[in-house]
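Below: one structure, written as structure tokens.
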Amino acid sequence: MYDNNEEFAAIKSALKTPINILQTYSTIRNAFQRSERSKQKKTLKAMQNKEKDCFRNIRNYVNENGFVFTGQLTDIAICGDAGIPLKALNVSPKELKEAVLRTFKQAMDDGYIAIQGDTIKLTEKGRSLVMRQGFFDNFVHTQKTRIDSLNQKFNQNFKYVKLTGTDSDLAVFKYTKSIDLTGIYNNPGKERLQAVMDNFKKLEKKGLVEIRNNIIFPKEKAIEKHLSKHPIPNMKLYDIDLKKSYRMKKKSTSAVRKHISGKYKKGDLKLSKQRALQGTAKKAAASAAVKDGAKKAASAAVNTAAKAVPVGMVIKLSGSVLNMAKKSVAGNK
């Protein structure tokens with residue numbers, strides 16, 4: 001009599017090897033898939049970290065050194081993160097604007113950037129380009145080259161001098177027709193600024209200068225007479241470092257618009273606030289001293305403040321009234 005159990009046992013025995021093979025294959029396949037997924041995750045994570053590092057380096061450089069358009073393809077690096085407004089391309093001078101517009105148009109045609117609303121942003125292709133080895137180095141090189149060029153041109157027309165809050169500050173008019181007291185190159189503090197302003201007010205009372213809206217103008221005839229009795233030594237001129245004036249914090253697109261104009265703006269330098277020039281602390285101290293009967297002490301305090309650390313002031317080099325006055329005085333001797 002045929003035994004079903006024996007038949008099942010024979011069938012099971014015959015299938016044992018193929019089943020084991022399938023089980024082994026399935027185990028290997030699952031392990032391979034897990035390995036591939038893990039590898040893909042690691043690769044994706046590495047790419048994301050590389051992208052973060054790349055744009056963080058650009059962002060840190062711009063925050064530390066500022067940004068100027070160069071007309072080179074590396075300019076598109078500034079379109080990372082939140083992008084830049086279309087209006088930012090309205091740079092000057094005209095030649096630079098034309099170069100910038102050509103570069104950005106070509107970059108858009110090549111698929112590196114795209115316009116979303118009124119903002120220019122990098123595409124995935126553009127981000128890949130910026131992440132390529134050597135791009136960041138080229139970006140830094142073109143930025144430094146442009147700044148150096150601007151620096152050279154700028155210092156042909158502008159310098160800064162150190163004002164001390166004494167009569168010797170009149171020497172500034174050997175190099176310029178006027179000085180704008182809002183053109184502060186450093187951050188000397190309220191007291192020092194007040195000392196300089198008070199000194200010019202004193203010179204105004206003497207009839208040597210005229211003050212209009214924080215701009216100081218020399219009076220030629222008065223200076224001629226003053227020079228005949230009080231020779232004024234020359235004043236040292238200092239170059240202006242545009243790397244400082246272009247530094248910014250990229251907090252918003254408005255900050256970018258302010259700093260990437262491609263030319264010097266008075267607002268790019270650290271400006272003194274008008275209230276710093278109109279401070280009342282020294283006046284109040286002097287007034288209190290007078291009330292206490294210490295007029296000499298008050299005068300000494302004002303003079304000490306006037307001799308404080310010099311205040312850096314930006315001037316535009318121009319024809320000098322003072323030099324003409326000196327020649328006139330020399331001719332009358």
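In this model, which of Lys94/Lys190; Lys52/Lys105; Lys201/Lys236; Lys105/Lys316; Lys177/Lys229; Lys94/Lys121 are farther than 28 Å apart at the alpha-carbon?
Beyond 28 Å: Lys94/Lys190; Lys105/Lys316.
If you average the alpha carbon positions of region 169-237 and of region 88-134, how far apart do those two centres end up, in angstrom?
Spelled out, the Cα-based centre of one part sits 46 Å from the other.
Under 5 Å between amide H atoms, partner at least 5 residues away or on a different chain: which partners does Leu317 have, H built in plane at 1.01 Å?
Phe158, Lys159
With each label point set 7 Å from Cα along the Cα-Cβ vector, what nm distance links Asp241 and Asn90?
3.3 nm
Along Cα→Cβ, 7 Å out, is where each label goes; now give me the distance between the ones at Ser149 and Glu204 in nm to one decimal.
It works out to 4.2 nm between the two label points.
Working only with C-alpha atoms, what are the Rg and Dmax values of region 48-153, expressed in angstrom?
According to the Cα coordinates of region 48-153, Rg and Dmax are 13.2, 41 Å.
Values in this text are rule-based calculations from the coordinates and carry no lab data. Small disclaimer: the values here were computed from a predicted structure and weren't measured. No Cβ is skipped: glycine too gets one built from the backbone with ideal geometry, and neighbour counts run over all protein chains shown.
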